[in-house]
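Here is the structure we will look at, set down as structure tokens.
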Amino acid sequence: MDILLTFVGYRDPFVENEEGEVVRPGPVLDLLRHRDFDQLILFGTEGTTEQLSSLVSHLETSTVDLEEFVLDIEDPTDYTVILSELRGHLQEIQEAWEEANFYVSVASGTPQMHASWLMLVAGGELPARILHTRPPEHVTPEKPPVAELDIQRPEFPEIRAPVRTEYASSTFPDVEEAVQEIGIVGKHPEIQRAIEVVAMVAPQTSVPVLILG
């Protein structure tokens, strides 16, 4: 099953000129013209409820299944709120469709929303492919209307989950007890140092740590 996740922006469902005349389909409808999906999950905000409702009505006759969420985002440029609101739904979505192929669109919504999608995918929190819709004026034989961003290319920086090295508690963790519980064997100073670092980092992050030795 292919599932598309996307924000709904001010240019959805259609792009209009200054006179209010429809110029072309908006980012979401334009993407659906070129790619087929089994499920479409739309994320609206307090400021785009009208666009969300209009887009849903235009898609009622389509074959794609729809699900919509209105996120509690008053400021669509606030990264912290955007990421927090998305995380509140993404785990539930992934658990509901464990075997699905997820795609995210970075063509609709604010630039901060686009960047949030990129960070979530590149950081490994959301296993998805990133799709970008090009405006007609930028489409060429070499540049198709819909492009998939390969974040593994060397042009893209590596994004890692945040890791804090300071220990949150004033009490140093009981390393010896942890070592005995896990069953780690090793007395070399380098191994001991690695274990101490892991013990300090562990309470701060859920990122797996691999010790090689």
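The values are calculated or read from the model by the stated rules, or taken from the named source; none is laboratory data. As the structure is a computational prediction, the values presented were derived from the model and not from experiment. Because the Cβ atoms are built from the backbone with ideal geometry, glycine has one as well, and the counts that use them run over all protein chains shown. Side chains included, ligands, DNA and RNA excluded: accessible areas come from the protein's heavy atoms. Shrake-Rupley method; radii C 1.70, N 1.55, O 1.52, S 1.80 Å.
If packing is taken as the average number of other Cβ atoms within 10 Å across a peptide's residues, how do 181-187, 98-104, 7-13 rank, most packed first?
7-13, 98-104, 181-187
Only helical DSSP H runs with n ≥ 4 go in: add -39500 (n - 2.57) per run for the chain, normalise by residue count and round the 222 nm mean residue ellipticity to 500 deg cm²/dmol.
-10000 deg cm²/dmol
Please give the net charge around Val8, taking every other residue with its beta carbon less than 11 angstrom from that of Val8, where Lys and Arg add +1 and Asp and Glu add -1.
With Lys, Arg at +1 and Asp, Glu at -1, the net is -2.
Compute the signed sum of charges (Lys and Arg +1, Asp and Glu -1) over the other residues within less than 10 Å, Cβ to Cβ, of Thr133.
Combined, the nearby Lys, Arg, Asp and Glu give +2.
For the chain, how big is the tail of P(r) above 31 Å, as a whole percent of Cα pairs?
The answer is 35 percent, as a whole percent.
Over the heavy atoms of Thr45, what accessible area does a 1.4 Å probe trace out, to the nearest 10 Å²?
10
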